[in-house]
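A.B. asks: Can you keep this structure in mind? I'll have questions shortly.
The values are calculated or read from the model by the stated rules, or taken from the named source; none is laboratory data. Remember, it's a predicted structure, so these values are computed and weren't measured experimentally. With ideal geometry, Cβ positions are generated from the backbone for all residues, glycine too; neighbour counts draw on all protein chains shown. For the accessible areas, the whole protein counts, side chains as well, though only heavy atoms, and no ligand, DNA or RNA atoms are used. Shrake-Rupley method; radii C 1.70, N 1.55, O 1.52, S 1.80 Å.
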Amino acid sequence: MRRTTLLLPLIAAAVHSAWAQAQSSTPATLPEVIVTGNPLGSDLFELAAPASVLQGEELFRRRRSTLGETLDGLPGVATTGFGPNSSRPVIRGLDGDRIRILQNGTGVLDASSLSFDHAVAIDPLVIERAEVVRGPAALFYGGSAVGGVVNVIDNRIPQMAIRGVSGRVEARSGGAEREQAVAGVFEIGNGSLALHADLYSRDTDDLKIKGFARSARQRAADPQPVEAAGTLPNSASRSDGGAFGLSHTWADGYIGISRSEFNSRYGTVAEPTVTIDMQSSRWDLAGEVRALNGPLTALKFKAGKTDYDHVELDAGVPATRFRNKGYDMHLEATHRKLGPLQGAIGLQVTDFDFSALGAEAFVPTTNTSSRAGFFYEEFTAGKVKVSFGGRHERSEVSSAGGGVVPFGGVAPRFDPAQTRDFSANSGALGAVWSLTPGLALAVNGAYTERAPTYYELYANGPHAATGVYEVGNSAFGKEKSKSLDLALRMKSGKHSGSIGVFQNRFDNFITLFNTGNTRGADGELNPPDAGDGTSLNTGEEILPEFAYRAVPARFRGIESEGRFRLMEGGGTLDLLLNASYVRANDASTGQPLPRIAPWRYGAGLDYRRDRMGARLDAVIVESQGRVAAGELPTDGYTLLNASVSYRLPAPGVRLEAFLRGINLLDEEARNHVSFLKDVAPMGRRSAQIGVRGQF
């Protein structure tokens, strides 16, 4: 706690100084930030649910090789950190299928929620904006959004008229992974037809690390004669992709279509000889009609169809193949005002087939389909803006039964074939009370029901990425939760900030627990050990058995962030502050849940003058000693990052170059949220250069 003790007085003094300046000056007002996740569109300041938006220069500065790393550090957001190539957002301690990842408003159908070594099929190089809604967003996106929603927007289907030619080109090199990346986005239109095209390519080497790959605690618990040091083995990657989109736009709407490809080949880190070869192709169709006559004022339609495939190669030989093929469709209609009520109704249809073929397949071939209807309404009463809504969802999760061995053989591991039907209801009520101009109190409550996923129901096999034998439970009922958010927000000229608390209680939180049993990789229960970690009977590797169980759980925490203008004239200087904390436990026993991020604080200075910019950021992460059974604690660390940028004179082009220093203190940092925290640290001190041109 020594770091915290030193930092808190500095933060308090800085906030007091900035707040005093906010009261004594009236600089230009911050622009509104509209969140498209609200069907009516709403400024962040007026949205009952807590949300963050990443775009423009801030997105350019934070852009990393994975979506999780790009969003890491936003209030309440951490990352799974399964090495440098696979990283999915964690929001308020929740991950997997409790976080819904969307691309332009429709679901990303990949395999990233199934296993932490599976990358999200989105490359941050080509996204234009990322919106994060923290806490339950099941109202619009289903029970799988009980933890939050990440919606990335790439404008592959242009929604507004484009006249002439525009675009951007970006290249960067360096970092601990020695990244070489380039991307180009191009758009052309005549005011009616609009074309979009983007291409990107990225190569990385094995991640440079400080010291040993395995932590001191792990080496003491499980000594090995050979130790990896200096670099993280099997962490290199290569990826590329692109898209083409076409739309017709007019004054009151648009309609368009796009085709995109994502390809990636990367090492899994957890297994030194295993690489993943991934491809995802996607068709998107979207349209909107505004200024309608009659009871409806606008109609929106979005649909995405995905064909996802990845093969896990062991020493170059195909071992296990994962496929996910399906579609997600979303229809929203905004109605004309009914008295004080303004709102929207909507329908959502999702259907996908998932299959895993190979000796290490731990889930059967399944089909998941859902149909849902929802409504959302809001009204203003004096200084209070009230919003409420509900959702009803019917879903079916079917297992084909049988089992699989490499590419097509059948074994009885997943018998019998089963089908489960669920009917889930969710609702939300929120309010934003304007206390004074620029000061508001927001409260949001939600009740959410979530149908269990195909792997929570039907898993039965060795999961190589986590080194355990996973067992599902086909008798699970719906997961139910109640949540409450309370936040105080401030916006005054160039100053803004918020501080909030939250709580989320689950009646039956579904998660993996160590049963104390062992399994052979073939499923044999508690096999005798031959003395080398393999079964005496079959020679199969022996793994600990982890079973999904439903337990009462409680998540609670604090989030705060602020941006305060310290200086104007001769350049501007802004102070940036943030802090996040989440505490999660099994409510029946009081025991901690695994992989929960510790206290994290951040402070930064952002200076801009004419063509030049400079930024210094410090992130303090406390140690985490509050751990689940069988989980090792992690030490705290401080990350110091700095960057300078300069806008080069170039006619007709906004050309900007940057130099970034990462982990300048050269700390050994281990992400407690990661399954690999004890075998894969973050990168060591490094530098990165880059250039971006906009025209």
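A.B. asks: Taking the condition of being open to solvent by less than 30 Å² (accessible area, probe 1.4 Å) and under 23 Å from G241 (Cβ atoms), how many residues in region 283-308 meet it?
C.D. replies: Number of matching residues: 6.
A.B. asks: Residues in region 483-497 that are buried (at least 20 other Cβ atoms within 10 Å of the Cβ) and either farther than 30 Å from R563 by Cα or free of Cβ contacts under 8 Å to residues at least 60 places away in the same chain (or both): how many?
C.D. replies: Of the residues in region 483-497, 0 are buried (at least 20 other Cβ atoms within 10 Å of the Cβ) and either farther than 30 Å from R563 by Cα or free of Cβ contacts under 8 Å to residues at least 60 places away in the same chain (or both).
A.B. asks: So is S426 in a strand (DSSP E or B) and open to solvent by 40 Å² or more (accessible area, probe 1.4 Å) or not?
C.D. replies: Taking the combined requirement at face value, the residue does not satisfy it.
A.B. asks: I want to confirm something. Restricting to region 554-601 and keeping residues that are in a loop (DSSP other than H, G, I, E, B) and touching an Asp or Glu at 6+ places or on another chain (Cβ under 7 Å), which single residue is most open to solvent (accessible area, probe 1.4 Å)?
C.D. replies: As a first pass, look at region 554-601 and keep what is in a loop (DSSP other than H, G, I, E, B): 568-571, 587-591, 593-599.
From what's left, touching an Asp or Glu at 6+ places or on another chain (Cβ under 7 Å): 593-594, 598-599.
Details: L593: 9, P594: 49, P598: 16, W599: 74 Å².
Among those that are in a loop (DSSP other than H, G, I, E, B) and touching an Asp or Glu at 6+ places or on another chain (Cβ under 7 Å), it is W599.
A.B. asks: Sticking with this structure for a sec: Can you tell me which residue in region 51-90 is surrounded by the fewest Cβ atoms within 10 Å (Cβ to Cβ), limited to those that are closer than 20 Å to K208 by Cα and of a type in the set (S, T, Y)?
C.D. replies: Ranking the candidates gives T79 first.
A.B. asks: Can I ask one more? Taking the options V644, V679, name whichever one is open to solvent by 20 Å² or more (accessible area, probe 1.4 Å) and either in a strand (DSSP E or B) or at positive phi (or both).
C.D. replies: V644
A.B. asks: Restricting attention to region 157-164, does a residue exist that is among the polar types (S, T, N, Q), closer than 30 Å to T275 by Cα and outside any helix (DSSP H, G or I)?
C.D. replies: In the first step, residues of region 157-164 are kept if they are among the polar types (S, T, N, Q); the result is 159.
Imposing the further condition that a residue be closer than 30 Å to T275 by Cα reduces the set to none.
Scanning region 157-164, I find no residue that is among the polar types (S, T, N, Q), closer than 30 Å to T275 by Cα and outside any helix (DSSP H, G or I), so the answer is no.
A.B. asks: Which residues, counting only those in region 498-517, are open to solvent by 20 Å² or more (accessible area, probe 1.4 Å) and more than 17 Å from Y548 (Cβ to Cβ)?
C.D. replies: S498, I499, V501, Q503, R505 - these are the residues of region 498-517 that are open to solvent by 20 Å² or more (accessible area, probe 1.4 Å) and more than 17 Å from Y548 (Cβ to Cβ).
A.B. asks: Counting only residues that are modelled with pLDDT of 95 or more and either among the β-branched types (V, I, T) or buried (at least 18 other Cβ atoms within 10 Å of the Cβ) (or both), how many does region 618-633 have?
C.D. replies: 6
A.B. asks: Return yes or no: is T273 surrounded by fewer than 21 Cβ atoms within 10 Å (Cβ to Cβ), touching a residue at least 12 places away in the same chain (Cβ under 8 Å) and β-branched (V, I, T)?
C.D. replies: Yes; evaluated as a whole, the condition is true for this residue.
A.B. asks: Among the listed residues D206, D222, which satisfies the condition of being modelled with pLDDT under 95, among the acidic types (D, E) and either under 30 Å from G630 (Cβ atoms) or open to solvent by 20 Å² or more (accessible area, probe 1.4 Å) (or both)?
C.D. replies: One residue alone meets the criteria, D222.
A.B. asks: Moving on. Could you look through region 178-203, keep only residues that are polar (S, T, N, Q) and open to solvent by less than 50 Å² (accessible area, probe 1.4 Å), and pick out the one that is nearest to G242 (Cα to Cα)? Give the derivation first.
C.D. replies: So in region 178-203, the residues polar (S, T, N, Q) come out as 180, 190, 192, 201.
Retained after the next criterion (residues that are open to solvent by less than 50 Å² (accessible area, probe 1.4 Å)): 192, 201.
Values: S192: 23, S201: 9 Å.
Within region 178-203, the match that is nearest to G242 (Cα to Cα) is S201.
A.B. asks: I'm checking my understanding of the structure. Among residues of region 66-103 that are part of a helix (DSSP H, G or I) and more than 10 Å from the chain's Cα centre (by Cα), which one is modelled with the highest pLDDT?
C.D. replies: My answer is R98.
A.B. asks: From the list D522, D532, which one is in contact with a helix residue (DSSP H, G or I) (Cβ under 9 Å, 6 or more places away or on another chain) and not in a strand (DSSP E or B)?
C.D. replies: D522
A.B. asks: Out of (1) more than 22 Å from E470 (Cβ to Cβ); (2) open to solvent by less than 20 Å² (accessible area, probe 1.4 Å), the odd one out for N324 is which?
C.D. replies: (1)
A.B. asks: If S144 satisfies all but one of (1) assigned to a loop (DSSP other than H, G, I, E, B); (2) open to solvent by 10 Å² or more (accessible area, probe 1.4 Å); (3) in contact with a helix residue (DSSP H, G or I) (Cβ under 6 Å, 6 or more places away or on another chain), what's the number of the condition it fails?
C.D. replies: (1)
A.B. asks: Can you pull out the residues in region 106-123 that are in contact with a His (Cβ under 8 Å, 6 or more places away or on another chain), of a type outside the set (S, T, N, Q) and open to solvent by less than 10 Å² (accessible area, probe 1.4 Å)?
C.D. replies: A111, H118
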